Structures are given as C-alpha cells and as structure tokens.
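The values are calculated or read from the model by the stated rules, or taken from the named source; none is laboratory data. Note that the structure is a prediction, hence the values are computed from the model and not measured. Here the Cβ positions follow ideal geometry from the backbone for every residue, glycine too, while neighbour counts run over all protein chains shown.
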Amino acid sequence: MAEKELSNVLGGISLLRRLSISTGSFCLKDIQPSDNREWVVTNGIGGYASLTLLGNNTRKFHGLLVASLQPPTRRWVFVSNLVEKMSVDGRTFFLKNCLRLVRNRVLPEFIYKLDDVTVRKTLWMPHGENTTILRYDVSTDKETCLIFTPILNSRHFYDLTGKESISFSSENNDGCVTFKPSNAEKTLRIKVSGGWYESKGDWVDLRYEVDRVRGEGWQESVFQAGDITVPAKGGAILYLILTIEEKNYDPSFEFEKEVKRREAISRRAGLSEEVFPLLLAADCFIAKRGLLTTILAGYHWFSDWGRDTLISLPGLTLVTKRYELAKEILLTFANYEKDGLMPNAFIDQTSEAIYNTVDASLWFIDRVYQYVKYTNDLRFVERVWDHLVSIIENYRDGTEFGISMDNDYLILHDAGLTWMDAKVDDEFVTPRARKAVEIQALWYNALRIMDVFSKLCRKGEGYGRLAEKVKKSFLSQYDQQYDVVDAKDCSCRPNKIFLASVDFSMINKNLREEIVHDVHDRLLTPYGLRSLAMGEDGYLGTYIGDYNKDLAYHNGMVWPWLLGPFTRAFLKSRNYEKRWRRYAYENFLKPILNSLNEGCIGNLSEIFDGNKSHAPRGCVAQAWSVAEVLRALVEDVYYIRPRFENVFYL
C-alpha cells in the first residue's frame with residue numbers, strides 16, 4: 001500500500017506534528033535486505049512464519065510454516081524454507097540473489113529485479129489458521145516460470161532433526177502436493193494453480209549461526225523435496241499456499257480479507273499514521289488459547305506469560321480501543337487464578353500453567369483498573385470481584401512460594417519470583433528475595449484500587465486503612481533508594497521507577513524526582529533502561545560473552561519495556577507540560593521507534609546490550625516492548641488519557 005493510501009486508511013493529522021515534533025524515520029521505510037534483519041508474520045493462534053530478509057534460516061525457530069498444534073502452544077516446524085527460482089529466456093535465477101529491497105507496509109513486501117523482470121512477493125497467514133500464503137506479482141512482457149523447492153521439516157521448534165530421522169510420504173493431485181511426516185498426525189499441503197511437481201527429494205544440512213553464537217544447538221538436517229514449476233506470463237499474479245488445514249483456499253479472497261482486517265485495526269484505534277507500524281506489531285501478539293484470548297510474550301519462543309500479558313495489556317488493547325479483547329484476556333487469566341496467584345507461564349510443549357510469580361496477581365488488579373478507566377465497566381469488576389478479593393486475602397494471609405504480608409504490612413516472597421527471574425544451574429542470578437521494591441509499590445497500588453472498587457461497587461471494606469499502614473511502614477524503612485527494602489540493597493536497578501509510575505504512589509514529589517533523576521542519569525539508554533547500572537558489582541554489558549548469557553540477562557541488559565513506566569514517571573513529575581512531552585518523545589521514545597527498521601522489521605526486540613553499540617538480543621519481537629512504547633506514546637506523549645480516568649480517582 002502506498003503512503004498516500006495508508007494516510008487515507010488511518011486518517012487524521014499527525015499527533016506528533018501537533019506537538020511540533022518531527023515524526024522521524026520510523027514510518028514505512030524501504031529497507032535494504034540483510035541477514036542481520038528478520039521478519040515475522042503471525043496467525044493469531046501462536047503460529048508464525050519468519051526468516052531473515054535475505055530469506056535464510058539463521059535460527060532453529062525460523063520457518064515459513066511454524067504451526068501451533070495446541071493454540072497458542074506446541075509450535076511445530078513444517079516448512080523450514082522455500083528455494084525460489086525464476087526461469088527467463090532460458091536462464092535460471094535464484095530470487096534471493098535478486099532481492100533489491102523490502103517494504104514493511106500493511107503486509108511485508110519483497111521486491112526482486114531480474115534484468116527487465118520485476119517480482120513483488122507478499123506473504124501473510126490467514127488469521128486463526130495454520131497456513132502461509134505467498135503472492136507473487138510478476139511484471140514483464142516475457143514468458144517466465146517460477147520454480148519452488150520446499151525445504152521440509154517436522155519437529156517442535158525447540159528441537160533439531162537428524163538426517164533421515166523422519167520420513168515423508170507424498171502425493172501429487174491436480175495442483176496440490178501433500179507430504180505426510182512420519183512423526184506427526186498432520187499432513188502438509190502445498191497448493192499452486194497451473195503447476196506441476198517433479199517428485200524427488202534429498203536431505204540437506206542447515207547451520208543456524210545465531211543459535212551457534214547463543215551457545216545453543218545449531219545444526220540439523222532437513223528434507224529438500226522436489227521442484228514445483230509454475231508458468232508465469234506477463235502481469236501474472238501467482239499464489240503458493242502452505243497449509244496443514246483441510247480447507248480449500250481462495251487466495252485472492254484471503255489476501256483482501258487480511259488487508260482489510262489490518263486496516264480495521266488502524267481505523268479502530270483512531271490514531272495517526274506514524275503509529276501504524278506499532279499497531280500492526282501490537283496485533284501480532286494477541287492470540288487465542290482455545291476459546292479464550294491471551295497475549296504471547298514474544299517471538300519466536302515465548303508462550304503466554306502472566307506478567308508479560310498483564311503488563312502488555314494497556315498498550316496492546318486499551319490505547320488501541322480493542323476493549324473486548326482486553327476483557328477477554330483478563331477473563332482468561334481470572335479463570336486460571338489459584339490461591340491468589342496468576343500463572344507465570346504456560347509450558348509450550350504441554351500448555352501446563354505454572355504459578356511462580358509474585359507480581360502477576362498485583363498487575364492483574366492494576367489492569368482491571370486500567371480497563372475500567374477506559375470503559376467504565378463496573379459490571380466487569382463485579383464479575384471478577386471474587387478473584388480480586390482472593391488475591392488480596394491470600395497475599396495478606398499467605399499463599400505459595402512464601403508470599404505473605406509481614407508484620408510490617410509489606411509483602412514477603414521467595415527468591416526468583418519477580419520479573420528478574422533468570423537461573424543458572426538452579427541458582428537465581430538476581431534472587432531479590434523477601435521485599436523487592438516494586439512488589440511493595442504494586443501492593444499499595446492494588447489496595448488503593450480495591451478501596452476505589454469497594455466504594456463504587458459497595459463491596460468489602462478496609463482496603464484503604466490497610467493501604468495507609470503499608471505506606472507508613474514503607475516510608476519509615478525507605479531512607480535510601482533500595483532495590484530490596486529489608487535487605488537494604490542499594491544496587492541501582494530500574495525497579496524503583498514503579499514507585500513513581502503507578503497510579504497510586506506511596507512517595508512524595510521530591511522522592512519521585514530523585515528516583516527519576518537517578519534512573520535518567522544511571523540507567524537510561526536510547527533503547528530502554530539498563531537492568532543494572534554500569535559500575536555496579538555484577539554488571540555485564542554484553543549478552544554474549546565467555547559466560548552464561550543468563551548471567552547478563554538482568555545484570556546490565558537494556559529492556560525497552562521499561563521506557564513506559566520511566567516516561568510516565570518523568571512526565572508525572574513535570575505535570576505533563578507540553579514542552580516536556582516533546583522532550584520525552586525526542587529523548588526517550590524516538591530512538592527505540594527508529595529501531596523498527598532494524599532487527600525484526602516492524603517490531604521491537606526483547607533486550608539490547610547494555611554497552612554501546614546496544615546490539616539487539618533475545619526475542620526479536622517482544623510484546624511488552626511494543627506495548628509499553630505504544631502506551632507511553634499515546635497516553636503520556638500525546639496525552640490521550642483514558643476517558644473515565646477521573647471517575648476512578650477517589
């Protein structure tokens with residue numbers, strides 16, 4: 001879609017221009033292909049397709065059809081890649097060698113030039129289906145042929161395949177070639193009109209360079225099937241369908257359907273054109289868990305994590321006006337509440353819920369509050385009221401993992417239950433046991449929210465009184481900027497920013513400004529906040545080194561999602577004045593937005609190295625990175641506040 005057309009889809013004058021801010025270069029940029037950049041498209045049930053921009057596999061997670069067999073988990077690689085060739089005037093070209101540029105528009109586009117032949121490839125996955133469709137627009141007066149050689153696999157995306165460890169039986173029936181792997185119940189169907197298949201095959205080796213650098217398994221064998229040849233006359237539009245669904249596709253209909261679905265997301269949000277890439281990025285994390293709705297934490301390998309889902313919810317669903325999805329996601333996690341705890345994660349291989357988190361339940365209460373600030377839906381509060389009460393009572397009286405209210409009214413918890421939960425050899429790298437600072441901020445915030453809800457819904461009482469005891473106790477102990485309160489741990493980490501960013505804060509303006517100043521000076525980078533300040537004991541500035549990478553994960557890596565609470569805390573301390581909102585955009589958000597054209601195009605990475613040059617690491621597309629940057633942009637920089645926000649400040 002051209003930029004002019006896109007502007008018509010989104011409508012509205014640029015909100016950044018209203019603030020006298022240059023929109024910069026993060027919108028709709030033509031991108032030079034390389035193996036250092038990747039792309040990903042998703043299907044809304046956990047499946048995806050993803051390769052480098054040059055069309056190579058540098059990770060075991062890469063593939064053209066990675067299906068979700070138990071949505072949104074059990075991700076299974078069926079098609080690793082596709083060798084694409086074109087025959088013109090008796091000469092055969094590999095398309096990947098003729099790739100000139102990539103465009104990240106409504107759908108990703110790949111532009112190939114072969115002498116006077118131009119091929120534009122677009123690909124997508126029909127929403128809710130384990131299918132990848134590739135569209136080839138061929139511009140030439142010559143008669144040509146496209147030749148496709150599928151590279152097949154059949155494994156869970158964490159595993160690697162040995163040579164001839166599985167077999168594929170195949171059939172060729174009138175434009176549809178089927179492959180049945182010996183280790184899976186599903187059958188792969190490759191469909192193309194007007195082509196013919198030459199039945200042959202051989203095993204070839206793949207080497208995954210990114211996995212090798214990460215210290216993971218990086219070698220496997222894949223099955224290279226025979227050639228599918230399709231005549232392509234001038235002006236032809238060809239479709240190739242990769243699917244495990246038992247469905248007859250009309251690919252041109254599916255193309256229009258997916259374009260319209262994406263355009264509708266943008267229209268519903270009612271935002272302006274510079275936000276379009278973030279809206280599409282936000283959509284890719286929303287997925288179905290059976291009949292329920294959830295948020296996947298990141299691509300390629302994360303499933304739905306409770307903490308990540310709840311932190312991401314406002315940015316992915318509320319500022320984008322997808323309120324029904326927000327409600328469905330909250331109900332999904334309410335259904336899994338157990339003894340006051342929300343799931344920390346769902347295991348990809350089994351979909352089993354695990355509950356080892358102290359903050360997810362407190363984030364749940366906050367996210368119900370954010371939802372009603374946008375919708376005024378107090379009936380929903382009544383619907384989940386018993387779960388909210390269960391969280392407070394279990395945290396007060398005690399539940400699993402050593403979570404309980406201490407005699408000083410602060411929350412105790414075991415090691416490894418906060419978001420800084422990496423382990424090496426069964427030892428937590430950043431244990432942060434007992435009284436982590438952000439848990440106390442979230443605990444007080446949750447009690448104040450429950451006080452508001454109890455008055456509006458006329459249910460329960462005493463939450464406000466308990467909140468005041470928590471505040472008094474906390475302030476009597478917080479005489480320095482501790483990361484863990486009772487341990488008097490003064491390590492400079494970003495967790496204290498939540499004292500200043502939550503809706504109901506225990507701290508005064510002076511302390512808020514001191515915290516914001518310290519975080520700004522010691523932790524802020526162009527791509528997020530460092531998880532530990534440079535110069536602190538244990539700081540590691542690069543993710544990859546002569547040590548286990550998990551040692552660096554929360555000890556110096558930069559986390560983009562923390563830009564959200566930091567931007568909010570910064571602007572709260574400056575009363576959201578227009579000049580400071582301009583400053584926040586230029587200095588806090590614009591650099592990370594420009595990275596939408598790097599790494600995984602159109603998306604934001606999980607982490608970056610703490611040292612310059614801040615190389616992107618971890619998941620190539622992370623939900624809370626996108627969500628908190630988008631939320632901060634809309635709520636804090638544009639200052640488009642929740643419609644009913646003032647109703648719920650009592």
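Observations on the model:
- Some residue of region 329-350 being within 30 Å of residue 58 (Cβ to Cβ) and among the aliphatic types (A, V, I, L, M): yes
- Conditions (1) surrounded by fewer than 21 Cβ atoms within 10 Å (Cβ to Cβ); (2) not in a helix (DSSP H, G or I); number of the one not met by residue 265: (2)
- In region 281-304, of all residues being in contact with a Gly (Cβ under 8 Å, 6 or more places away or on another chain), aliphatic (A, V, I, L, M) and part of a strand (DSSP E or B), the one that is nearest to residue 374 (Cα to Cα) corresponds to 286.
- The numbered conditions (1) assigned to a loop (DSSP other than H, G, I, E, B); (2) in contact with a strand residue (DSSP E or B) (Cβ under 8 Å, 6 or more places away or on another chain); (3) surrounded by 22 or more Cβ atoms within 10 Å (Cβ to Cβ) are all true for residue 242 except (1).
- Filter result (in contact with a helix residue (DSSP H, G or I) (Cβ under 8 Å, 6 or more places away or on another chain), over 23 Å from residue 250 (Cα atoms) and touching a residue at least 60 places away in the same chain (Cβ under 8 Å)) within region 67-126: 85, 86, 104
- Tally of residues being free of Cβ contacts under 8 Å to residues at least 60 places away in the same chain and either in a loop (DSSP other than H, G, I, E, B) or surrounded by fewer than 20 Cβ atoms within 10 Å (Cβ to Cβ) (or both) across region 382-393: 5
- Residue in region 547-554 that is touching a helix residue (DSSP H, G or I) at 6+ places or on another chain (Cβ under 6 Å), touching a residue at least 40 places away in the same chain (Cβ under 8 Å) and not polar (S, T, N, Q) present: no
- If you go through region 209-234 and keep only what is under 27 Å from residue 181 (Cα atoms), touching a Ser or Thr at 6+ places or on another chain (Cβ under 9 Å) and assigned to a strand (DSSP E or B), you end up with 220, 221, 222, 223, 224, 225, 226, 227, 228, 229, 230.
- Meets criteria (of a type in the set (Gly, Ala, Ser) and within 23 Å of the chain's Cα centre (by Cα)) for residue 556: yes
- Just one of (1) closer than 20 Å to residue 628 by Cβ; (2) in contact with a strand residue (DSSP E or B) (Cβ under 7 Å, 6 or more places away or on another chain); (3) surrounded by fewer than 19 Cβ atoms within 10 Å (Cβ to Cβ) fails for residue 353. It is (1).
- Filter result for residue 136 (among the aromatic types (Phe, Trp, Tyr) and part of a strand (DSSP E or B)): yes
- Considering residues of region 420-470 that are polar (S, T, N, Q) and not in a loop (DSSP other than H, G, I, E, B) only, the residue surrounded by the fewest Cβ atoms within 10 Å (Cβ to Cβ): 454
- Region 305-350: number of residues that are assigned to a loop (DSSP other than H, G, I, E, B) and under 21 Å from residue 622 (Cβ atoms): 9
- Residue count, region 207-265 (criterion: in contact with a Pro (Cβ under 7 Å, 6 or more places away or on another chain) and either over 28 Å from residue 143 (Cβ atoms) or not acidic (Asp, Glu) (or both)): 4
- Residues located in region 370-383, provided they are over 16 Å from residue 646 (Cα atoms) and of a type in the set (A, V, I, L, M, F, W, C): 380, 381
- Out of 271, 278, sole residue that is in a helix (DSSP H, G or I) and not assigned by TED's automatic domain parsing to the domain that holds residue 153: 278
- Conditions (1) modelled with pLDDT under 95; (2) farther than 19 Å from residue 345 by Cα: number failed by residue 426: (2)
- Single match in 220, 171, 198 (criterion: within 28 Å of residue 74 (Cα to Cα) and either under 34 Å from the mean Cα position of the chain (by Cα) or in contact (Cβ under 8 Å) with a residue 12 or more places away in the chain (or both)): 220
- Residue in region 526-541 that is assigned to a helix (DSSP H, G or I) and either outside the structural domain of residue 311 (by TED's automatic domain parsing) or more than 15 Å from residue 568 (Cα to Cα) (or both) present: no
- Residue that is among the charged types (D, E, K, R), within 28 Å of residue 646 (Cβ to Cβ), assigned to a helix (DSSP H, G or I) and assigned by TED's automatic domain parsing to the domain that holds residue 480, where the choices are 367, 396: 367
- A Cβ distance below 8 Å, combined with a sequence gap of six or more or placement on separate chains, defines the contacts here; from region 558-572, residues that are hydroxyl-bearing (Ser, Thr, Tyr) reach residues that are assigned to a helix (DSSP H, G or I) in the pairs 567/584; 567/588; 567/589; 567/632; 567/636; 567/637.
- Of the residues examined, residue 564 is not one that is within 22 Å of the chain's Cα centre (by Cα), modelled with pLDDT of 95 or more and either in a loop (DSSP other than H, G, I, E, B) or of a type in the set (Lys, Arg) (or both).
- Restricting region 575-600 to residues that are in contact with a helix residue (DSSP H, G or I) (Cβ under 9 Å, 6 or more places away or on another chain) and assigned to a loop (DSSP other than H, G, I, E, B), the residue that is surrounded by the fewest Cβ atoms within 10 Å (Cβ to Cβ): 577
- Residue in region 199-209 that is surrounded by 13 or more Cβ atoms within 10 Å (Cβ to Cβ) and of a type in the set (S, T, N, Q) present: no
- Residues (within 15 Å of residue 364 (Cβ to Cβ) and touching a residue at least 60 places away in the same chain (Cβ under 8 Å)) located in region 292-321: 294, 295, 304, 307, 308, 309, 311, 312, 313, 314, 318
- Single residue of region 471-495 satisfying the filter (of a type in the set (A, V, I, L, M) and within 26 Å of residue 567 (Cβ to Cβ)) that is surrounded by the fewest Cβ atoms within 10 Å (Cβ to Cβ): 475
- In region 235-256, residue modelled with the lowest pLDDT [restricted to those that are small (Gly, Ala, Ser) and over 22 Å from residue 149 (Cα atoms)]: 235
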